[in-house]
Amino acid sequence: MTVPLLHRRRPKASDAERPDGAAATAPSGQPRRLSRRAQIARDRSLLIMVLPAVVLLAVFAYVPMFGNIMAWSSYSPYQGFFGSPWIGWENFERVFSNPLFLNAVGNTLAITAFQLVFFFPVPIFLALLLNSVLSPRIRTTIQSIVYLPHFFSWVLVVTLFQQMFGGAGLLSQNLRQHGYEGFDLMTNPDTFLVLITMQSVWKDAGWGIIIFLAALSTVSPELYEAAAVDGANRWRRMWHITLPALRPVVILLLILRLGDSLTVGFEQLILQRAAVGVGVSDVIDTFVYYQGVVYGDWSFAAAAGLVKGVVSLALVLGANKLAHVFGESGVYKRA
């Protein structure tokens, strides 16, 4: 007995353009590429949701970039961008020959390198510590305590450290009462790197663990149970399961940190600039602020800020390319 063959329905051209993409397949079985119109129709709701953020980003981030043309002119607010005399690369020559700018670059790199070693690993360590706490109540209490300083302003943070480590602070007074010599950590240029790193750790380390805890929450508990059944102790479970789960996040944040290496705490440093001196506290951001806003040399400050932006972009692209070489996604990857 012959079984009749079922006739296949030929795929319509409209199937590849369906907004939901359910029938977007070619006769050969390969997925068809949706047209731009179909993609917009499919993602219309998401595009409408993201539109306000794109507008804000364009108005406050990309439109002001056109003001960088003042770096090639002798800008005057009274003459405007196009009325100011054009002087070419003279401002950039002044930037690279200015010893104060070179000192600011050196201080910026020193602070970044110091905090990369002594501050960047702290949130990772705290996340691993909290992840090992079994009691949810204790974990929530610790998280609330370490999160709280993030919401303090830098004015309050510097004031608290002044009350603790200043010449008339609590620690110095206790030392004098017991016959020892007091100290003033807040005005000592030699320990300024340690001071600002302590402030950054106390203020922002707790907030930084949120991303690492979110990454750890995606790890299946079955992996830990299987490893425990196989005889792996706590350290081996951490080494073979926990740390590999954190590696993509650590690399991503490290790339972003390298791109942000020329941007260190402006408010934190400018509050303590007078106490420790310009020699150790002046960074690129404070240098640009004083040259442009305080002294009115807008073009010179714009050139210095533009150099900083270009170098930061190069660091992000280079670090992201290096992450691709080692098989990680980085900040972005090609489709």
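At-a-glance table
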{"item": "The listed residue being closer than 28 Å to residue 161 by Cβ and basic (Lys, Arg), out of 247, 237, 257", "result": "257"}
{"item": "Members of region 112-141 found to be more than 25 Å from residue 262 (Cα to Cα) and either in contact with a Gly (Cβ under 9 Å, 6 or more places away or on another chain) or surrounded by 16 or more Cβ atoms within 10 Å (Cβ to Cβ) (or both), listed by number", "result": "126, 127, 128, 130, 131, 139"}
{"item": "Residue in region 150-163 that is among the β-branched types (Val, Ile, Thr), farther than 24 Å from residue 191 by Cβ and within 26 Å of the chain's Cα centre (by Cα) present", "result": "no"}
{"item": "Selection status of residue 259, out of contact with any Lys or Arg (no Cβ under 7 Å at 6 or more places or on another chain), touching a residue at least 24 places away in the same chain (Cβ under 8 Å), open to solvent by less than 60 Å² (accessible area, probe 1.4 Å) and closer than 30 Å to residue 142 by Cβ", "result": "no"}
{"item": "Residues of region 173-210 classified as charged (D, E, K, R), over 23 Å from residue 152 (Cβ atoms) and either in contact (Cβ under 8 Å) with a residue 60 or more places away in the chain or not in a helix (DSSP H, G or I) (or both), total", "result": "1"}
{"item": "Filter pass, residue 87 being open to solvent by 40 Å² or more (accessible area, probe 1.4 Å) and over 30 Å from residue 201 (Cα atoms)", "result": "yes"}
{"item": "In region 76-117, the residues that are within 16 Å of residue 305 (Cβ to Cβ), in a helix (DSSP H, G or I) and of a type in the set (A, V, I, L, M, F, W, C)", "result": "81, 92, 95, 96, 100, 101, 102, 104, 105"}
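Results for (1) open to solvent by less than 30 Å² (accessible area, probe 1.4 Å); (2) modelled with pLDDT of 80 or more, shown as yes or no for each residue.
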residue	(1), (2)
236	no, yes
276	yes, yes
302	yes, yes
306	no, yes
310	no, yes
324	no, no
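Matching residues to (1) under 20 Å from residue 284 (Cβ atoms); (2) modelled with pLDDT of 90 or more; (3) of a type outside the set (Val, Ile, Thr); (4) touching a helix residue (DSSP H, G or I) at 6+ places or on another chain (Cβ under 6 Å):
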site	(1), (2), (3), (4)
38	no, no, yes, yes
57	no, yes, yes, no
72	yes, yes, yes, no
82	no, no, yes, no
118	no, no, yes, yes
121	no, no, yes, no
127	no, no, yes, yes
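The values are calculated or read from the model by the stated rules, or taken from the named source; none is laboratory data. As the structure is a prediction and not an experimental result, all values here were calculated from the model. Because the Cβ atoms are built from the backbone with ideal geometry, glycine has one as well, and the counts that use them run over all protein chains shown. What goes into the accessible areas is simple: the full protein's heavy atoms, side chains included, and nothing from ligands, DNA or RNA. Shrake-Rupley method; radii C 1.70, N 1.55, O 1.52, S 1.80 Å.
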